[in-house]
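The values are calculated or read from the model by the stated rules, or taken from the named source; none is laboratory data. Just so it is clear, the structure is predicted and the values come from calculations on it, not from any experiment. In this analysis, Cβ positions are derived from the backbone assuming ideal geometry, glycine residues included, and neighbour counts consider all displayed protein chains.
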Amino acid sequence: MIAATATATEMQNNFGKYLNIVLNGDEVLVTKNGKDVGRFVPVGKVHSFLTDSLAGVLENDFSFEDKLETILRENMKINDEPLD
């Protein structure tokens, strides 16, 4: 959960404050010039964040080769002959 948002300058000048937020298990969103540029996250949440981001995207029987072939066929209007 994002508990705080800080500019890069705020992060630099108040690192201890944001470190305590992370030590308590929460995340800090870091911005620069009004744009999100990173997250300061607890070590244990790194894998969770990646997993949560992919939830529902990949199916159990997902095949990169099949997906690539599908994309190529759709974008290049390739016939049903196997791609080799």
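Quick rundown of the values:
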| item | result |
| --- | --- |
| Cross-chain or 6+ apart pairs with Cβ under 8 Å, the range 1-24 first and closer than 18 Å to D36 by Cα, then part of a helix (DSSP H, G or I) and among the aliphatic types (A, V, I, L, M) | A3/I21; A4/I21; Y18/M11 |
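Each row is one residue, and each column tells you yes or no for (1) modelled with pLDDT of 95 or more; (2) loosely packed, with under 10 Cβ neighbours inside 10 Å; (3) part of a helix (DSSP H, G or I).
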{"site": "V22", "(1), (2), (3)": "no, no, yes"}
{"site": "V37", "(1), (2), (3)": "no, no, no"}
{"site": "P42", "(1), (2), (3)": "no, no, no"}
{"site": "F49", "(1), (2), (3)": "no, no, yes"}
{"site": "S53", "(1), (2), (3)": "no, yes, yes"}
{"site": "E69", "(1), (2), (3)": "no, no, yes"}
{"site": "E74", "(1), (2), (3)": "no, yes, yes"}
{"site": "P82", "(1), (2), (3)": "no, yes, no"}
